[in-house]
Amino acid sequence: MIAVITFVCSIGNVPMAAVLWGSGISFGGVLAFLYADLIVLPLLDAYRRYYGWRMAAYIFGIFFLTMVASALIMDVAFTAVGWVPPPNPNIQAEMVEFKIDYTFWLNIVFAGVAAYLFYLNRKHPMYHEHRHHAHHEHGAHG
């Protein structure tokens, strides 16, 4: 329910999950928090607008039940084989520390890729060309 209410989005839910893990939430609780990304309030509102109240409630119920069940199953399975890592109460301090390591360089590389893709989209916007083309087709046939 924390994820549904807070809506920290896909980018923010992993660091938030790490903080929750370091603060003592169970392994299954952390997994459920991560899975709950599909039932945050803005998405539930989109489901409601697109499918209506009844289907939105059904989607919420199914997603919630599968989220809880899968988190519990993963908690039991990982605990049984000893794969649950120990919580790190100092995780917040580690997350705010700036380091030039592999993640820094990966961020630089993919920021460059994103900038290049943005440039390509600005230079050759597919959406605008498609609309323009579709407009001429309808005009020729209609």
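The values are calculated or read from the model by the stated rules, or taken from the named source; none is laboratory data. Since this is a predicted model, take the numbers as computed values, not measurements. Backbone-built Cβ (ideal geometry, glycine too); neighbour counts: all protein chains shown. Heads up: the accessible areas ignore ligands, DNA and RNA and are worked out on the full protein's heavy atoms, side chains in. Shrake-Rupley method; radii C 1.70, N 1.55, O 1.52, S 1.80 Å.
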Tell me, which residue of the range 75-102 that is of a type in the set (S, T, N, Q) and open to solvent by 60 Å² or more (accessible area, probe 1.4 Å) is modelled with the lowest pLDDT? Gln92
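Give me the residue from the range 17-29 that is open to solvent by less than 40 Å² (accessible area, probe 1.4 Å) and touching a residue at least 40 places away in the same chain (Cβ under 8 Å) and, out of that set, farthest from Phe64 (Cα to Cα).
We begin by selecting, within the range 17-29, every residue open to solvent by less than 40 Å² (accessible area, probe 1.4 Å); these are 17-20, 22, 27-29.
Now restrict to residues that are touching a residue at least 40 places away in the same chain (Cβ under 8 Å): 18-19, 22, 27-29.
Details: Ala18: 21, Val19: 22, Gly22: 24, Phe27: 17, Gly28: 14, Gly29: 13 Å.
Looking at the filtered set, the residue picked out is Gly22.
One line per residue, one yes/no per condition, for (1) of a type in the set (Val, Ile, Thr); (2) open to solvent by 30 Å² or more (accessible area, probe 1.4 Å); (3) at pLDDT 85 or above; (4) on the phi > 0 side of the Ramachandran plot:
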| site | (1), (2), (3), (4) |
| --- | --- |
| Cys9 | no, yes, no, yes |
| Pro15 | no, yes, no, no |
| Ala32 | no, no, yes, no |
| Asp37 | no, yes, no, no |
| Val40 | yes, no, no, no |
| Ala46 | no, yes, yes, no |
| Arg49 | no, yes, yes, no |
| Arg54 | no, yes, yes, no |
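Here's the yes/no breakdown for (1) in contact (Cβ under 8 Å) with a residue 60 or more places away in the chain; (2) not in a helix (DSSP H, G or I):
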residue: Pro15; (1), (2): yes, no
residue: Pro89; (1), (2): yes, yes
residue: Ala114; (1), (2): no, no
residue: Leu117; (1), (2): no, no
